[in-house]
Amino acid sequence: MALFGSKKAITLSVEGMTCEHCEMKVRNALSGVNGVKKVVKVDRGGGVAVVSTNAKSEVTADALVQAVSDAGYTAKA
């Protein structure tokens, strides 16, 4: 059982980001997913995005991948 306020992180591999605007687009897409507490990191150089959720959140990696895909990028969990 998770303690109150515990968090979990989900890391995605993201392809296609080439500039700061791309990072902002991915950040905004992930922020819009219900249950995402914070977008911790979006790094075009490393091709990675990390979000945190509450431990009891039902956010799935598939939902995050879909949000990134809808923004025009390729992502994998």
Suppose we keep only residues that are within 9 Å of the chain's Cα centre (by Cα) and under 13 Å from ALA9 (Cβ atoms) within the range 28-47. Which one would you say is surrounded by the fewest Cβ atoms within 10 Å (Cβ to Cβ)? LYS38
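Name the single residue, out of those in the range 12-27 being touching a residue at least 60 places away in the same chain (Cβ under 8 Å) and exposed (fewer than 15 other Cβ atoms within 10 Å of the Cβ), that is farthest from ALA77 (Cα to Cα). Show your work before the answer.
Taking the range 12-27 as the starting set, the residues that turn out to be touching a residue at least 60 places away in the same chain (Cβ under 8 Å) are 12-15.
Next cut, exposed (fewer than 15 other Cβ atoms within 10 Å of the Cβ) only: 13, 15.
Values: SER13: 6, GLU15: 12 Å.
Among those residues, the one meeting the criterion is GLU15.
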Can you tell me which condition VAL65 does not meet? The list is (1) under 10 Å from the mean Cα position of the chain (by Cα); (2) surrounded by fewer than 16 Cβ atoms within 10 Å (Cβ to Cβ), and all the others hold. (2)
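Every number in this text was worked out from the coordinates using simple rules, so none of it is lab data. All values derive from a computational prediction rather than experimental measurement. Neighbour counts are summed over all protein chains in view; Cβ atoms, including those assigned to glycine, are modelled from backbone coordinates with ideal geometry.
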